[in-house]
Amino acid sequence: MDGQQHERDRAVRVLIVDDQQLMREGIASLLSIQDGIEVIGTAANGQEALERALLERPQVILMDVRMPVMDGVQATMKIRLQLPDCKILMLTTFDDEEYVFEALRVGASGYLLKDIPAHDLAQAVQAVQRGIYQLDAVVMSRVMTGLQASKTKITAPDPAGAAKEPSNHPAKSWSQTGLTEREIEVLRQIAQGATNREIAIRLVISEGTVKNHISNILSRLGLRDRTQAALYAREHSLL
């Protein structure tokens, strides 16, 4: 009995949010039999999720995106403001990059699609609880495609022959961040999806130096990881 109690104490407390009853109950049923997971409840929309989260204090919330009353992005923003230690993992059928960017911007710790196997989902929940971001491979591909499309749009030649500077990126804004020219270039490479090795080769520096630059970038911009750095670069027209 003591061993069972210990396992329950170590299990990640999870709240499942989905507007389809069959879906949320199915996810709850599948997750509840996975080791290291304790499903503490379900909610049918973002407003209900907020209320349940404040009451039950889950460690991780599995959040659908499109729901009535309050959608998953709005709920994520409000829950993260009131419960900053609570991790939110988006679990949805929608893989549009705009949903992904919005969810990550307001504090989601990952974005997965509902076709994920139960065992993999349980592992993702535990990883998110440890602070490791989770992105579905299909979602990551769409994010990178969106970033590349944004780059192409911004750098396309002006038909009239006049160079136009993006309105949301005045020339002086990057100097105000405190980043060096080299760090800005590293950030640009991150936004393009380059690995540390690829960045090192392109900029003719060591991988250790790349890691140091990335650490400085995250620290100075107040970001948590490479995903947020890529989003930051996209939003500020660095591509």
TODO: Could you order peptides 75-88, 204-217 by the average number of other Cβ atoms within 10 Å of their residues, highest first?
DONE: 75-88, 204-217
Task: Karplus 3J(HN,Hα) series, Hz, for the range 230-235 with 6.51 cos²θ - 1.76 cosθ + 1.60 (x for Gly, Pro) - done: 5, 5, 4, 4, 5, 5
Task: Whole-Å distance, taken between Cα centres, linking the range 28-97 and the range 181-231 - done: 31 Å
Task: Where Rh is the Kirkwood radius over Cα pairs, Rg/Rh for the range 10-139 - done: 0.91
- [ ] Per residue of the range 214-228, in order, report the coupling 6.51 cos²θ - 1.76 cosθ + 1.60 (Karplus, θ = phi - 60°) as ³J(HN,Hα) in whole Hz, putting x for Gly and Pro.
- [x] 5, 4, 5, 4, 4, 5, 5, 8, x, 9, 9, 7, 5, 4, 5
TODO: Taking a cut-off of 13 Å between Cα atoms, list the aspartates and glutamates near Lys78, but don't count ones fewer than 8 places away on the same chain.
DONE: Glu48, Glu51
Task: Average Cα contact separation per residue, the range 10-139, under 8 Å, 6 or more apart, as relative contact order % - done: 24 percent
Task: Projected-area mean, the range 94-143, by convex hull of Cα positions, square nanometres - done: 3.3 nm²
TODO: Add +1 for every Lys or Arg and -1 for every Asp or Glu among the other residues with Cβ under 12 Å from the Cβ of Ile16, and state the total.
DONE: -3
Open item on the list: Please compute the length gained on full extension between Asp225 and Thr195, using 0.36 nm multiplied by the number of residues separating them and subtracting their Cα-Cα distance.
Closed with: 9.5 nm
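FYI, it's all coordinate maths here, none of it is from the lab. None of these values were measured; they are calculated from a predicted model. Backbone-built Cβ (ideal geometry, glycine too); neighbour counts: all protein chains shown.
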